[in-house]
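Worksheet: one structure, shown below.
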Amino acid sequence: MRCMKEITLQKEWVIKASLDDVFRVMTDFEKFPVYFPKVAESVRIKKREEDYLEMDATVKSFGQRFSVKMRTRILPQRGFVSDNDSPKFGTSGHEELLLSTHPEGTLITYTYRVSIHKIWLRVVATPLIRWYSMRYWEKAVIDELKKRVEK
């Protein structure tokens, strides 16, 4: 059994929009390719049971396209948590996008714990993921969200 290296990425942002508006966009997964085309190429819901979803997505990162299997629980008016696997990229992760009210709108607290299973990739990717991932996610998702919901 190979040991896995886990990296935790976390950041908070304030969006000047209602929690309802932010929640509506951030849990409309099938529209992610429209809302966030820099990171999502396609999202297909395979299974839905109330607030639980299983999805197949094609995502973009580090100049590559790769498939991700997502098992996601929507937390009504609070965001979502998702366990994601990308066999091609050799990663798995636990993602949390949590929303709360803030005097200026909505606070997003985002946490992604990623495990890199391929040892060779761990050596190359760990510094890139730590340095690049959250900056790119902020530009590709948070900035686009702000354009869509802030008034």
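The values are calculated or read from the model by the stated rules, or taken from the named source; none is laboratory data. Bear in mind the structure is a predicted one, so any value in this text is a computation, not a measurement. Every residue, glycine as well, gets a Cβ built from its backbone with ideal geometry; the counts of neighbours run over all protein chains shown.
Kindly indicate which of SER100, SER86, SER82, SER92 is under 18 Å from LYS11 (Cβ atoms), buried (at least 17 other Cβ atoms within 10 Å of the Cβ) and either among the small types (Gly, Ala, Ser) or at pLDDT 95 or above (or both). Sole residue among the options that is under 18 Å from LYS11 (Cβ atoms), buried (at least 17 other Cβ atoms within 10 Å of the Cβ) and either among the small types (Gly, Ala, Ser) or at pLDDT 95 or above (or both): SER82. Taking (1) under 17 Å from the mean Cα position of the chain (by Cα); (2) among the charged types (D, E, K, R); (3) more than 14 Å from ASP20 (Cβ to Cβ) in turn, ARG78 satisfies each apart from (3). State yes or no: is TYR132 among the hydroxyl-bearing types (Ser, Thr, Tyr) and at pLDDT 80 or above? The answer is no for TYR132.
I'm trying to understand the selection: among the residues of the stretch 28-77, which are within 20 Å of LEU98 (Cα to Cα) and aromatic (Phe, Trp, Tyr)? If you could, list the steps in order and put the result at the bottom.
Within the stretch 28-77, the first condition is being within 20 Å of LEU98 (Cα to Cα), and the residues that meet it are 28-32, 35-36, 39-40, 50-55, 70-77.
PHE29, PHE32, TYR35, PHE36, TYR52 - these are the residues of the stretch 28-77 that are within 20 Å of LEU98 (Cα to Cα) and aromatic (Phe, Trp, Tyr).
When you scan the stretch 5-28, do you find a residue that is among the hydroxyl-bearing types (Ser, Thr, Tyr) and under 22 Å from LYS151 (Cα atoms), even just one? Don't jump to the end; show me each part of the working.
The first filter runs over the stretch 5-28 and keeps only residues among the hydroxyl-bearing types (Ser, Thr, Tyr), leaving 8, 18, 27.
Right, trim to under 22 Å from LYS151 (Cα atoms) and you get 18, 27.
Within the stretch 5-28, one or more residues are among the hydroxyl-bearing types (Ser, Thr, Tyr) and under 22 Å from LYS151 (Cα atoms).
The conditions of being touching a helix residue (DSSP H, G or I) at 6+ places or on another chain (Cβ under 8 Å), modelled with pLDDT of 95 or more and surrounded by 15 or more Cβ atoms within 10 Å (Cβ to Cβ) are met by THR106. Criterion first (free of Cβ contacts under 8 Å to residues at least 24 places away in the same chain, polar (S, T, N, Q) and out of contact with any Gly (no Cβ under 7 Å at 6 or more places or on another chain)) does SER61 satisfy it? It is false that SER61 is free of Cβ contacts under 8 Å to residues at least 24 places away in the same chain, polar (S, T, N, Q) and out of contact with any Gly (no Cβ under 7 Å at 6 or more places or on another chain).
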